[in-house]
1. Note the listed values (1) 26; (2) 29; (3) 20, then indicate which one is percent of Cα pairs over 31 Å apart calculated from this particular structure.
2. What whole-number value in Å² describes the accessible area per residue of the chain for a 1.4 Å probe?
3. What percent do you get for the relative contact order of the stretch 57-175 when only Cα pairs under 8 Å and 6+ apart count?
4. Which one of LEU125, LEU133, LEU162 has the biggest mean-square fluctuation once the chain is modelled by GNM with Cα springs under 10 Å?
5. With every protein chain present, what accessible area does ARG185 have (1.4 Å probe, heavy atoms only), rounded to the nearest 10 Å²?
6. Just grab the label-to-label distance for ASP113 and ARG5, each label 7 Å out from Cα along the Cβ direction, in nm (one decimal).
7. So how far apart, in nm, are the two label points at TYR19 and GLU33 if each is 7 Å from Cα heading toward Cβ?
8. Defining a contact as two alpha carbons under 8 Å apart and six or more residues distant in sequence, what relative contact order in percent does the stretch 34-112 show?
Amino acid sequence: MPDHRYSDAERAAIYRAIYERRDMRHFLPDPVEPDRLARIIAAAHHAPSVGFMQPWRFIRITRPDLREAIHDLVEQERLQTARALQEREDEFMRIKVEGILECAEILIASLSDRREEHIFGRRTLPEMDLASLSCAIQNMWLAARAEGLGLGWVSMFEPEALKRLLAMPGDSQPFAILCLGHVERFYDEPLLAQEQWASRMELNDCLFENAWNKPCKLTF
């Protein structure tokens, strides 16, 4: 059987990026070098895509006034989320959930317009365009970690308000505000775990065999 594995050192580097990737919220103001930014965005563009539709569109935010307006949208939703959490409201308000004003780069990850034209891979599961965009974001996240840069995924915003702000077509969809930049250090563990908001599920609780809720025989 042919062995297509990478070398031990190459595999170690890939798994290190996977396990040390963090959803960052604290950034340094230093600019990101253009070549590093280009490599990270190119990595996103080379993500797997169902039916090769490549539904991702990234909007780079370079205007300070637009960054401020995006931050205002996120702050509005942060307050709404806090109220919806009821008994955990105070606890939530102490957690930093975005770094929009501090990070070097803001990228809006979006689903493109005219996605209904793509049938291959979407006829029974139209959500596969979203799965493809998620793959692109994960590629970007891993590339950023390999480049020594932090990336944070901000999901607290009202989509229609952000669409209007960015003059997006009616059938497009903003999906994530991505904060990218230099960091003083990467968190030792995910921030929400570090802040004791929640803990990661055990892998065996997420892995079944042959049928729902049937334990898998793999051991970890």
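1. (2)
2. 63 Å²
3. Over the stretch 57-175, the number comes to 37 percent.
4. Checking each option, the largest mean-square fluctuation is seen for LEU125.
5. 120 Å²
6. Placing both labels 7 Å beyond Cα along the Cβ direction yields 4.9 nm.
7. 2.8 nm
8. 47 percent
The values are calculated or read from the model by the stated rules, or taken from the named source; none is laboratory data. All values derive from a computational prediction rather than experimental measurement. So basically every Cβ, Gly included, is an ideal-geometry build from the backbone, and we count neighbours across all protein chains shown. Only protein heavy atoms, including side chains, enter the accessible area calculation; ligands, DNA and RNA are left aside. Shrake-Rupley method; radii C 1.70, N 1.55, O 1.52, S 1.80 Å.
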